[in-house]
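Quick note: the coordinates plus some simple rules give every number you see, no bench work behind them. If you're wondering where the values come from, they're calculated on a predicted model, not measured in any experiment. Here Cβ is always computed from backbone atoms with ideal geometry, including for glycine, and neighbour counts include all displayed protein chains.
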Amino acid sequence: MEPQPARPRYLDAITALFVTTLVVSNVIAGKQVAFTATVVLPAAVILFPLTYILADVLTEVYGYQRCRRVIWIGFGCNAVAVAAIAIGGALRPAGFWDGQEAYARTLGAVPRIVAASFLAYLAGEFVNSFVLAKLKVATSGRLLWLRTIGSTVLGQLVDSGVFITVAFLGVFSGGQVLRLVVAQWLFKVAYEAAATPLTYAVVGWLKRREGLDHFDSGTDFTPLRFSVRSDG
């Protein structure tokens, strides 16, 4: 397996884009959008699937361990954003400011929703990266479209299933929860499939520029790590 350089040239930029996409997705998630007369989804679905595309790029080019590190960086940054928004909402507003209710309604989230979001993010992203890394070894690096879409099918199913179930089971009926899970899952998978040509272009460009095409043979796939070992 090829040794990876200590500081790949574009890894920091991709990490920054991943974190920005994740945090902004959570900020805009409170708005519900009527995509059709019967399909209503949070506004975050227009942006959040990009985190899976970026995770695919990270795993395909730099390997699972570097993607794992970025996933945890995203988790930490999102936690800081959530805490800052909560503290901002708790501070006493100025007497002349009449936006407290709008602030709370737009940015406030009940603890159950926050917990559901964090759990779903970690579970879904790690499943996505793990499946893609395993499929790359199994296919000897061929059929990128199969790896990206296949990993998204499983990762987004876990993400949507965990989030909707933890957030809304007991609030909505079992049938309503199932319909919400399926609607979000299908939308996100279709999003990934539509973005496949872009994924191919970005992956190909990065492999050429970085001189990397990492295969996770013998990699330690434990999610509870932050460091990157040179042997996998």
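Observations
- Mean sequence separation of contacting Cα pairs (under 8 Å, at least six apart), scaled by the length of the range 124-232, corresponds to a relative contact order of 31 percent.
- Applying 1/(1 + (r/R0)^6) with r as the Cβ-Cβ distance of residue 215 and residue 23 and R0 = 22 angstrom yields a FRET efficiency of 0.10.
- Between the range 26-102 and the range 165-232, the C-alpha centres lie 16 angstrom from each other.
- Within the same chain, lysines fewer than 8 places from residue 136 are excluded, and of the rest, those with a Cα less than 26 Å from its Cα are 188, 207.
- Highest GNM mean-square fluctuation among 96, 130, 187, for the chain modelled with Cα contacts below 10 Å: 96.
- Summing charges over all other residues whose Cβ lies under 11 Å from the Cβ of residue 58, with Lys and Arg as +1 and Asp and Glu as -1, gives 0.
- Taking every DSSP helix (H) stretch of at least 4 residues in the chain, weighting each as -39,500 (n - 2.57) and dividing the sum by the residue count yields a mean residue ellipticity at 222 nm of -23000 deg cm²/dmol.
- 10 Å Cβ shell holding at most 16 others, DSSP loop, trypsin sites (Lys or Arg not before Pro): longest site-free stretch of the chain: 32-141
- Over the range 32-117, the fraction of Cα-Cα pairs per 5 Å bin, rounded to whole percents and listed from the shortest bin up, is 3, 11, 15, 17, 16, 14, 12, 8, 3, 1, 0.
- Listed residues 74, 95, 218, most fluctuating in the chain (Gaussian network, C-alpha, under 10 Å): 95
- Fluctuation leader among 42, 93, 197 - the chain, Gaussian network, Cα springs under 10 angstrom: 93
- Treating each Cα of the range 179-232 as an identical point scatterer and summing with the Debye formula, the log10 of I(q)/I(0) at q = 0.15, 0.17, 0.19, 0.25 Å⁻¹ comes to -0.76, -0.86, -0.91, -0.91.
- Applying 0.36 nm per residue to the separation of residue 9 and residue 35 and subtracting their alpha-carbon distance, the gain on full extension is 5.5 nm.
- Span-like helix ranges in the chain, DSSP H, alpha carbon extent 18 angstrom or more, Kyte mean at least 1.6: 11-28
- Kirkwood Rh in Å, taken over the chain so that all alpha-carbon pairs contribute: 18.7
- Residues 213, 12, arranged from fewest to most other Cβ atoms within 10 angstrom of their Cβ, appear as 12, 213.
- Dipole magnitude of the chain about its Cα centre (Cβ charges: Lys, Arg +1; Asp, Glu -1), debye to nearest 20: 100
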